[in-house]
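Each remark here refers to the structure printed beneath this line.
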Amino acid sequence: MEITVTVNGEPHRRTVEPRLLLVHLLRDDLGLTGTHWGCDTSNCGTCVVWLDDLPVKSCTVLAAMADGKRVRTVEDLGHGAELDPVQQGFVACHGIQCGFCTPGMLMTARWLLDHDPDPSEDVIREAISGQLCRCTGYENIVRSIRWAAEHPDGATP
Amino acid sequence: MTYGSLPRKEDARFVRGRGTFVDDLVLPGMLHGAILRSPHAHARLLSVDTSAAEAHPKVRAVLTGKDLAERGMAWMPTLSHDVQAVLATDKVRFQGQEIAFVVAEDRYAARDALELIDVEYEPLPVVVDAPAALAAGAAVIRDDLGKADNHVFDWSSGDEAATEAAFAKAEVVARQDMLYPRVHPAPLETCGAVADVDAITGKLTVWATAQAPHAHRILYSRITGLPEHRIRIVAPDIGGGFGNKVGMYPGYLCAVVGSMVTGRPVKWTEDRSENLMSTSFARDYHMRGEIAATRDGRLLGLRVRVLADHGAFNGTAQPAKFPAGFFHVFTGSYDLPAAFCSVTGVYTNKAPGGVAYACSFRITEAVYVVERMMDVLARELGLDPAELRMRNLLRPEQFPYTCATGWQYDSGDYPRALTLLKEISGYDELRREQAGKRARGELMGLGLSFFTEAVGAGPREHMDILGFGMADGAELRVHPSGSAVLRLSCMSQGQGHETTFAQLVSAELGIPPEEVEVVQGDTDHTPFGLGTYGSRSTPVSGAAAVTVARKVRERARQVASAMLEVSPDDLEWERGRWFVRGVPGRGHTIREIALAAHSDLALPEGVEGQLYASTVYSPPNLTYPFGAYLCVVDVDADTGQVRVRRFVAVDDCGVRINPMIVAGQVHRGLADGIGMALMELMAFDADGNHLGGSFMDYLLPTALECPSWELGETVTPSPHHPIGAKGIGESATVGSPAAVVNAVVDALAPFGVRHADMPLTPAAVWRAMRGKPLRADLAIS
């Protein structure tokens, strides 16, 4: 079937199998490998992207369901040397170890701060509770997102 | 100072989604592989018909055990002197075992074709319960080895007679059976490989999730018959390892053969169920602990009997002379005059493995049994668990200390760590709060754990894998312009080597860390060594990096002496610079010396030009990090739900290179402890069906189960490591589960609960409260 998906502002027209998962469209077809895949069951959240401004797990969304919609991935968060404050926060607060869960965490974090610019620690923990991290014990991810909340314009140069 | 909490170099790519993990790789003409796995835990293979799969228009090859047998590759050596089937030829021995490999044009077609393969099985009786594996009449799993039973090994350590004597004279003896259940490291990135055989040169390149690339190359060489110079292993970014990516898996080899057969690169990436059901599990130790003491709480002896479930193939990854890993460091942190442990390994119809999940070669199991026994004994004696520990901890003046089973602890100040823990946590106040709650019928528990690890394997004359001594190489070159490249045999899986190793070199040579490039993971571009696991990067490769930097500094001294026309003995080093003693203005920076070393400067006889050195570091001993942990839990009496309210961790890993990264390592292990103690469960039913084969069933802790960690630290340098550092990667995983279980058992004391096995799910806690503890690892009615 033929679909048109706007990914990070750029429309892509593709002929795909109806069963193709959005995560595979992004990774294998469009080469956007920042979005990861870590389970088959919507539990790990390494594949979180935005679908029309809502975080979704792209391993459980068919590419066909994204037809006519907008997708935003981690590759759209920062541009060149310029990083989104959530990206800066993850660097500043050691919110990253192996880097595998990071893109999904960043996409959820950006969405959260867009809707709640000053979230409490509890709200942050709830927001990322559908995603797993095996390296950080979450503490520094929570701190990273708080950092971004406290620096809405990023680090002062 | 170049030690310190420097932000990580790695993060610039990870934060942009620009890391390169194996599944991100795309090579021209690359094909995709998928594995057909057995639904049976034990069955004879009668036939494997691949004709329909081969007829699939997108399929390029189908491999079976028979095809591999023709190449002599149907079986591969494990890291424990056993063999494991790559693709089954005779029988399948666990659910999820590899039977056939399809190579197709895309991921989806490869999976489709698996369904076209027709396999005929003759189901056989299944062995899932380790205690029943040695019973008369139990089905024999390894008939391929000519075995008549499921026995793998017997092994013991310590003085049995002296321990018996200690127990005979003891005023108090406590005994407790416990299971450290089978768990799985479950890194978020599953295992995978891209294999590519060059059609012209015949050189094999494998990009793989490999914590130990050089060890893998040895295995590929032995299995394929290719010499090592025609094999290149590359570990790109690894999405977490924790021991899961130490060993060799059939999928990697299938990708290699797939590439040999098709002449094209082949990618294989396992899915989550494959990862959980077939790759290295951890633990599965059935233990009986016995502890002997005087009435006033002085320890006299410790005895542990272990039945170790090794699954269908003995595939544990640890120094080869130690079939139970380092379990025999089980006397822990205490002054124990007599100790004896014996371990029997058995085969069962479960996946192979056993040493993984940040276990420091089974010190997790060792710490768990001794720390549980300390709490059991404290209850018996009516002593506070903190007081019982304080009375028996090794004292600072006892170091270096040789324990009853022969380990030589390098350094420690244990009472200081426990005292600090009590201060940070407000231990006495928490006990008062608990007493108040108990009086009101509320369930609150405090759980202590004091652990000692032995990490940094190891001295090459005592420790080897596959006969290869566990030393690690390092090479350092300072470029003409003064920046440097350090090449290492270890491999990061998220630990931040690119940052911490640059800091090590920077501290020795004065080159800024950002100008030190760290190369790892590629066997064509790094020196030989055995890789990263068992918390060995800092103790072994870290020491190698410091040693090689000091060699380069000495070379720089020779060059500087030629530049300054003075004797090398008249030169003094200050950070980044050699200068003439007494004349601080006369000297040269490392940058100036590097340029001169590559120039036409005349050098004295015997001094080579350039600034380069290599080293092979074999540690004189292991390093012994330690720590004191406290977990505070509240248990809902109506549901059995455990909530970890606080977790306080005091760690001593000697000198810290990057304290930010050290804290991150500790955080990870504390979360592991909560996962293993409360949530993670791989149960099997009577037919050997794996009931934990997805993240729907194998529950891992999220941000909601984890509290905000409270850390403390003491610093007792290792006397034999060049900068006094010890390993830290696994400390918290090793130390924390006992603290969580001790806390829950403490909370349940009003119900008379003395022990309950992990994982302490609400159901398990509920059952324990009613005096009917649950054996969670078996779903057999």
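Laboratory data are not the source of any read-out in this text; all were calculated from the coordinates shown. Predicted, not measured: the structure shown is a model, and the values here were computed from it. Reconstructed Cβ throughout: ideal geometry from the backbone, glycine too, with neighbour counts over all protein chains shown.
Across region A:58-67, coupling constants 3J(HN,Hα) worked out from phi with the 6.51/-1.76/1.60 Karplus curve, θ = phi - 60°, read 6, 7, 10, 10, 6, 4, 4, 6, 8, 4 Hz, and Gly and Pro carry x. Potential lengthening of the chain between B:E122 and B:A602 amounts to 165.0 nm, from the contour at 0.36 nm per residue minus the alpha-carbon distance. Rounded to the nearest Å, what's the spacing between the alpha carbon centres of region A:87-120 and region A:13-61? Just the number, please. Centre-to-centre distance over Cα atoms comes out at 19 Å. Once the C-beta distance of A:A155 and B:T294 is scaled by a Förster radius of 51 Å, the resulting FRET efficiency is 0.25 to the nearest 0.05.
The mean number of Cβ atoms from other chains found within 10 Å of a Cβ in peptide A:84-97 is 5, as a whole number.
Each peptide in A:11-18, B:19-26 receives the mean, over its residues, of other Cβ atoms within 10 Å, and ordering these scores from highest gives B:19-26, A:11-18. Relative contact order, whole percent, for region B:486-607 stands at 24, derived from Cα pairs under 8 Å and 6 or more residues apart. Modelled label positions at B:R305 and B:H462, each set 7 Å beyond Cα in the direction of Cβ, lie 2.9 nm from each other.
From the residues B:T523, B:P513, B:Y533, which one has its Cα farthest along the dipole of region B:491-550 in the positive direction, the dipole being from +1 and -1 charges on Cβ of Lys/Arg and Asp/Glu about the Cα centre? With unit charges placed on the Cβ atoms, the residue in question is B:Y533. For the peptide A:30-40, the mean number of other protein chain Cβ atoms found within 10 angstrom of a residue's Cβ is 6.
The spacing between region B:397-412 and region B:126-162, judged by their C-alpha centroids, is 33 Å. Applying a DSSP loop filter and a limit of 14 other Cβ atoms within 10 Å to the GluC sites (Glu not before Pro) in region B:536-610 leaves B:E565, B:E605, B:E608. In this label model, A:E121 and B:R770 are separated by 3.7 nm, measuring between points 7 Å along each Cα→Cβ vector. On the basis of the beta-carbon distance and an R0 of 22 Å, B:A148 and B:D90 show a calculated FRET efficiency of 0.85. For region B:436-505, the relative contact order comes to 15 percent (Cα pairs under 8 Å, sequence separation of at least 6). Round to the nearest 10 and give me the degree value, 0 to 90, for the angle of helix A:139-150's Cα axis relative to the longest principal axis of chain A. It is inclined by approximately 80 degrees.
Ordering of A:37-50, B:502-515 by packing is A:37-50, B:502-515, highest average first (other Cβ atoms within 10 Å, averaged per residue). For region B:519-586, relative contact order (Cα pairs under 8 Å, six or more residues apart, normalised by length) works out to 14 percent. Once R0 is set to 35 Å, what does the formula 1/(1 + (r/R0)^6) return for the Cβ-Cβ distance between A:D52 and B:L27, expressed as a FRET efficiency to the nearest 0.05? Rounded to the nearest 0.05, the efficiency is 0.55. Annotation: lysines with alpha-carbon distance below 29 angstrom to B:K203 (same-chain offsets under eight excluded): B:K58, B:K66, B:K245, B:K267.
When DSSP beta bridges are restricted to pairs lying wholly in the protein assembly as shown, around 80% turn out antiparallel. Tabulate in residue order the Karplus-calculated ³J(HN,Hα) for region B:696-710, using 6.51 cos²θ - 1.76 cosθ + 1.60 with θ = phi - 60°, rounded to whole Hz; enter x for Gly and Pro. Result, rounded to whole Hz: 6, 10, 8, 8, 10, x, 10, 4, 7, 7, 8, x, 7, 5, 10.
Net charge dipole, region B:1-77: roughly 240 debye, given to the nearest 20, about the Cα centre with Cβ charges of +1 for Lys and Arg and -1 for Asp and Glu.
Nearest-5 percent of antiparallel DSSP beta bridges in region B:616-727? Roughly 75 percent of the beta bridges in region B:616-727 run antiparallel, per DSSP. Averaged over the residues of B:689-700, the number of partner chain Cβ atoms lying within 10 Å of the residue Cβ comes to 2.
Gain on full extension, evaluated as 0.36 nm per residue between B:V83 and B:S614 minus their Cα-Cα distance, stands at 187.6 nm.
Annotation: extensible slack from B:A132 through B:E442 equals 107.6 nm (criterion: 0.36 nm per residue apart, minus Cα-Cα distance). Packing order of peptides B:448-454, B:117-123, highest average first: B:448-454, B:117-123 (average count of other Cβ atoms within 10 Å over each peptide's residues). Here is the P(r) of region B:356-512: all C-alpha pair distances, binned every 5 Å from 0, give 1, 6, 10, 13, 14, 12, 11, 10, 8, 6, 4, 2, 1, 0, 0 in whole percents. Each residue of region B:186-203 was assigned a 3J(HN,Hα) from its phi angle through the Karplus curve 6.51 cos²θ - 1.76 cosθ + 1.60 (θ = phi - 60°); the sequence is 6, x, 5, 8, 6, 7, x, 7, 10, 10, 9, 9, 5, 5, 8, 8, x, 6 Hz, with glycine and proline shown as x.
In this simple spin-label model, placing a label point 7 Å from the Cα along the Cα-to-Cβ direction at both B:L691 and B:Q398 gives a separation of 4.3 nm. Treating the Cα atoms of region B:594-723 as identical point scatterers in vacuum, please give the log10 of the normalised Debye intensity I(q)/I(0) at q = 0.12 Å⁻¹, two decimals. Scattering profile of region B:594-723, log10 relative to I(0): -0.73. Ordering B:V15, B:T50, B:V103 by Cα displacement along the dipole of region B:1-134 toward the positive end leaves B:V15 in first place; charges were set at the Cβ atoms of Lys, Arg (+1) and Asp, Glu (-1).
Measuring between their Cα centroids, region B:424-445 and region B:329-392 lie 26 Å from each other. Based on DSSP H assignment, which helices of chain B show an axial Cα extent of at least 27 Å together with a mean Kyte-Doolittle hydropathy greater than or equal to -1.0? Span-like helices here: B:543-564, B:659-678. The residue list B:G456, B:V246, B:G225 was ranked by how far each Cα lies along the charge dipole of the protein assembly as shown toward its positive end, using unit charges on Cβ atoms, and B:G456 comes out on top. With runs of 4+ DSSP H residues as the only contributors, calculate the mean residue ellipticity of chain B at 222 nm using -39,500 (n - 2.57) per run, divided by the residue total and rounded to the nearest 500. So the helix-based figure for chain B works out to -8000 deg cm²/dmol.
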